[in-house]
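Chemist: Supplied in structure tokens, the structure appears directly below.
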Amino acid sequence: MAPVSTEDKLRERIKELTCLYNVSSYIANCNLYDLDPTFKAITSSLREAILYSNEAFVELKLGDTLVHDGERSPEHVFILTAIKVFNLPYGSIKIGYPKTKYNKNVFLEEEKQLVRTLAIEIGNLIERKQIIDKEELTKRQMERADRLSILGEITAGIAHELNTPLASILGFSELLKERFVNDDAALEDLDKIMNSAIFSREVVKKLMFFSCVMPQQMELVNINPIITDAINLLKPSFGKKEIHYDLNFSDAEIYLRVDAIQLTQVVFNLVINAIYFSPQNGQISIEVDDEDREVVLTIKDEGEGISKEISEYIFNPFYTTKPVGEGSGLGLSVVHGIIKSHKGTIRHTANRPKGTIFTLTFPKL
């Protein structure tokens, strides 16, 4: 490997400045919603700025993403520079040569400085993207909260108005059954009317749960047996699909101020959903952790997961991905309403490699 002449160093300096200019241009004109083309352009530009660019390779590692340019040798010499985002390690830039032809002395100090500068520029770009993503997420959450608030008021009014006629239907149906005691056909029809009215009343009750107008009986109780009983109610459903489940509590007794019936409904609705979307012989995990200021309930399944397209709608009333007749679309909205009334939070994330994780937090009031 011949020493680098002054002329070569000057030529390399021009290449490095050109690279810096190009990278600044790429970053200034990038699409923050799709940074992959920008990262590929940066990687390619950096390789062109390296002394022996024809034999060099460049790798840009960002989280789980790896962007590279040039052929990487099985054995190579390289320099590695960390990329930090908000002062935390996020990725790295790596440039190298085949070890059979080069050693570590091949890298110029100007090249090392160039890589450090690009690492800072890339880190700043990712910080900017994360800030914008967070602002948009906050905006969507606020818009969704406004929509849910309006829906809560509407459904509360609807539920209140429907209760009276449904009570009348059930009452008059009972009276008619006494008048047609010997008419089997009429009695059968009246039973159908009453069953439909009872079903409608249950829908109204769910609407009232969603809008948080149901009276609550908040008591400080050990929630472990409440959650255990709710899971036990679902054992036939677990057995039907041969689904295995784990129920774990961080402590033998976990006390929380809750409405026991509503907590049962929360666990029941979330786990029945997990069972519905889980594959045959799937695994569901339910964990309850008693932390300093809150209790965290986590439910993990191995189903199809929740796509980004529908994630912001799943807590809306009447929204369902189940076939017609298999779901009212009120289960998750009821859960959301109950948790909101308990001053808690609910969020969902992807379970790896597949499925969904629902995380519920209940503050210790």
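Chemist: Any residue in the range 57-76 that is more than 21 Å from Asn124 (Cα to Cα) and either in contact with a Leu (Cβ under 6 Å, 6 or more places away or on another chain) or of a type in the set (A, V, I, L, M) (or both)?
Modeler: Taking every residue of the range 57-76 in turn, none turns out to be more than 21 Å from Asn124 (Cα to Cα) and either in contact with a Leu (Cβ under 6 Å, 6 or more places away or on another chain) or of a type in the set (A, V, I, L, M) (or both).
Chemist: Give His336, His348 a once-over and let me know the one that is modelled with pLDDT under 90 and either in a strand (DSSP E or B) or touching a His at 6+ places or on another chain (Cβ under 6 Å) (or both).
Modeler: On the way: His336 fails: either in a strand (DSSP E or B) or touching a His at 6+ places or on another chain (Cβ under 6 Å) (or both).
Residue meeting the stated conditions: His348.
Chemist: Here's something else I'd like to know. Are there any pairs, at least 6 apart or on different chains, whose C-beta atoms fall under 6 Å, with the first in the range 22-47 and touching a residue at least 60 places away in the same chain (Cβ under 8 Å) and the second part of a loop (DSSP other than H, G, I, E, B), and if so, which?
Modeler: Pairs found: Thr38/Cys30.
Chemist: How many residues are surrounded by 14 or more Cβ atoms within 10 Å (Cβ to Cβ) and either charged (D, E, K, R) or over 47 Å from the mean Cα position of the chain (by Cα) (or both) when one looks only at the range 10-32?
Modeler: 4
Chemist: Would you say Ala230 is in contact with an Asp or Glu (Cβ under 8 Å, 6 or more places away or on another chain), surrounded by 13 or more Cβ atoms within 10 Å (Cβ to Cβ) and either acidic (Asp, Glu) or at pLDDT 85 or above (or both)?
Modeler: Values: in contact with an Asp or Glu (Cβ under 8 Å, 6 or more places away or on another chain): no; surrounded by 13 or more Cβ atoms within 10 Å (Cβ to Cβ): yes; either acidic (Asp, Glu) or at pLDDT 85 or above (or both): yes.
It is false that Ala230 is in contact with an Asp or Glu (Cβ under 8 Å, 6 or more places away or on another chain), surrounded by 13 or more Cβ atoms within 10 Å (Cβ to Cβ) and either acidic (Asp, Glu) or at pLDDT 85 or above (or both).
Chemist: A follow-up question, please. Kindly indicate whether Leu220 is modelled with pLDDT of 80 or more, closer than 19 Å to His342 by Cβ and loosely packed, with under 14 Cβ neighbours inside 10 Å. Steps first, answer last, please.
Modeler: Values: modelled with pLDDT of 80 or more: yes; closer than 19 Å to His342 by Cβ: yes; loosely packed, with under 14 Cβ neighbours inside 10 Å: yes.
Yes.
Chemist: When you scan the range 54-73, do you find a residue that is at negative phi, of a type in the set (Ser, Thr, Tyr) and either open to solvent by 80 Å² or more (accessible area, probe 1.4 Å) or within 34 Å of the chain's Cα centre (by Cα) (or both), even just one?
Modeler: First pass over the range 54-73, keeping only residues at negative phi: 54-62, 64-69, 71-73.
Next, only the ones that are of a type in the set (Ser, Thr, Tyr) stay: 65, 73.
Still in the list and also either open to solvent by 80 Å² or more (accessible area, probe 1.4 Å) or within 34 Å of the chain's Cα centre (by Cα) (or both): 65.
Yes, the range 54-73 has at least one match.
Chemist: Just checking, how many residues over the range 89-106 are among the aromatic types (Phe, Trp, Tyr) and open to solvent by less than 10 Å² (accessible area, probe 1.4 Å)?
Modeler: The initial filter retains those residues of the range 89-106 that are among the aromatic types (Phe, Trp, Tyr), namely 90, 97, 102.
Next cut, open to solvent by less than 10 Å² (accessible area, probe 1.4 Å) only: 97.
Looking only at that region, the number is 1.
Chemist: Do any residues in the range 1-17 that are modelled with pLDDT of 65 or more have Cβ atoms under 6 Å from those of residues that are in a loop (DSSP other than H, G, I, E, B), where the two are at least six apart or on different chains, and which pairs are they?
Modeler: Glu12/Leu51
Chemist: Here is a follow-up. Test each condition in (1) over 19 Å from Gly91 (Cβ atoms); (2) in contact with a helix residue (DSSP H, G or I) (Cβ under 8 Å, 6 or more places away or on another chain) for Asn29 and report the one that comes out false.
Modeler: (2)
The values are calculated or read from the model by the stated rules, or taken from the named source; none is laboratory data. Since this is a predicted model, take the numbers as computed values, not measurements. Quick reminder, even Gly has a Cβ in these numbers, built from the backbone with ideal geometry, and neighbours come from all protein chains shown. Areas reflect the complete protein model, heavy atoms only, side chains present, ligands, DNA and RNA absent. Shrake-Rupley method; radii C 1.70, N 1.55, O 1.52, S 1.80 Å.
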